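The values are calculated or read from the model by the stated rules, or taken from the named source; none is laboratory data. These numbers were taken from a predicted model, which means no experiment stands behind them. Ideal geometry is used to build each Cβ from the backbone, glycine not excepted, and the neighbour counts take in all protein chains shown. Surface areas here come from the heavy atoms of the whole protein model, side chains and all, with no ligands, DNA or RNA. Shrake-Rupley method; radii C 1.70, N 1.55, O 1.52, S 1.80 Å.
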Amino acid sequence: FISPLSIVLLNLNAEHPYNRFISIKNPLREDQSIMRTTLIPGLLNTMKTNAYNKNLNLKLFELGTVFYSVKEGELPREKKMLSALATGLRYGESWSFPEEGIDFYDIKGSLENLFEGLNIMDFNFLSTPDTPYLHPGKSSIIMVNNTEIGTVGEVHSVVLDGYELSNSVYIFELDFDLMVKHSFSDKKIKPLSKYPPIYRDIALIVDESVQFKDIYNATNKLS
């Protein structure tokens, strides 16, 4: 259960599917008075809580069920969704890494790795200006085998203002069941060698003027 305000803050038009929520007749609290139609408000609220505690570098995800109203007297349609959020620095604070912020290509790369792990090969990202809660120049719909399965992009500044967030935020949301439908688990496996590996060391004495690349190239010619 979530608050109706969480949906309002997504800057949706009246016909958007996320507005097809179901109201609870006797809610215990106003902020839990409707059934969620998207996982995005939960991620943004979690980010907001962390921001109040000065934890600004986040990579979060949630896998859960959403509910859509169908018609009066009928049970809602349930759908399993996978959503993720990334904000702040690309790497943790360290002397070893530059202080770079997360951008669209980080969240897109996470999706590409996910699809590769599920053996989903026929996917692409199509630019779209029609997702109200995402930045029109930094968002895409996600297609798998010519089927739309979700969206990815930078959260619109209007939405960030509503949630009292100042950092750039990147999210994706996928229809989990559709994604799994297009995956396959066939993997090629090679048996282990019957023989133990053989290691050989070699030591060379060369003039100080000889560069490593020359030694490397010479040994490669012998192999």
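Condition check: among the charged types (D, E, K, R) and open to solvent by less than 70 Å² (accessible area, probe 1.4 Å). Does E173 satisfy that?
Details: among the charged types (D, E, K, R): yes; open to solvent by less than 70 Å² (accessible area, probe 1.4 Å): yes.
Yes; evaluated as a whole, the condition is true for this residue.
Taking the conditions exactly as written (farther than 30 Å from L12 by Cα and open to solvent by 50 Å² or more (accessible area, probe 1.4 Å)), does S168 satisfy them or not?
Numbers: farther than 30 Å from L12 by Cα: no; open to solvent by 50 Å² or more (accessible area, probe 1.4 Å): yes.
No, not satisfied.
Here are the criteria: (1) touching a strand residue (DSSP E or B) at 6+ places or on another chain (Cβ under 8 Å); (2) open to solvent by 60 Å² or more (accessible area, probe 1.4 Å); (3) more than 25 Å from S6 (Cβ to Cβ). Tell me which single one V144 does not satisfy.
(2)
Among the residues of region 6-54, which ones are farther than 19 Å from E74 by Cα, of a type in the set (A, V, I, L, M, F, W, C) and surrounded by 14 or more Cβ atoms within 10 Å (Cβ to Cβ)?
Answer for region 6-54, where residues must be farther than 19 Å from E74 by Cα, of a type in the set (A, V, I, L, M, F, W, C) and surrounded by 14 or more Cβ atoms within 10 Å (Cβ to Cβ): I7, L9, L10, L12, L39, I40, L43, L44, M47, A51.
From E78, E93, E116, E74, grab the single residue that is open to solvent by 90 Å² or more (accessible area, probe 1.4 Å) and assigned to a strand (DSSP E or B).
Details: E93 fails: assigned to a strand (DSSP E or B); E116 fails: assigned to a strand (DSSP E or B); E74 fails: assigned to a strand (DSSP E or B).
Going through E78, E93, E116, E74 in turn, just one is open to solvent by 90 Å² or more (accessible area, probe 1.4 Å) and assigned to a strand (DSSP E or B): E78.
Yes or no, residue by residue, for (1) under 29 Å from R77 (Cα atoms); (2) not charged (D, E, K, R):
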position: E100; (1), (2): no, no
position: G109; (1), (2): no, yes
position: F125; (1), (2): yes, yes
position: P129; (1), (2): yes, yes
position: L134; (1), (2): yes, yes
position: N145; (1), (2): yes, yes
position: S157; (1), (2): no, yes
position: D175; (1), (2): yes, no
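So in region 97-107, with the set limited to residues that are in contact (Cβ under 8 Å) with a residue 60 or more places away in the chain and in a helix (DSSP H, G or I), which one is most open to solvent (accessible area, probe 1.4 Å)? Let's see the steps before the verdict.
So in region 97-107, the residues in contact (Cβ under 8 Å) with a residue 60 or more places away in the chain come out as 101-104, 106-107.
Okay, now just the ones that are also in a helix (DSSP H, G or I), so 104, 106-107.
Details: F104: 31, D106: 46, I107: 7 Å².
Among those residues, the one meeting the criterion is D106.
Take region 33-66 and flag every residue that is among the β-branched types (V, I, T) and either outside any helix (DSSP H, G or I) or more than 18 Å from G162 (Cβ to Cβ) (or both). Break it down into steps so the answer makes sense when it comes.
The first filter runs over region 33-66 and keeps only residues among the β-branched types (V, I, T), leaving 34, 37-38, 40, 46, 49, 65-66.
Residues satisfying the conditions are I34, T37, T38, T65, V66.
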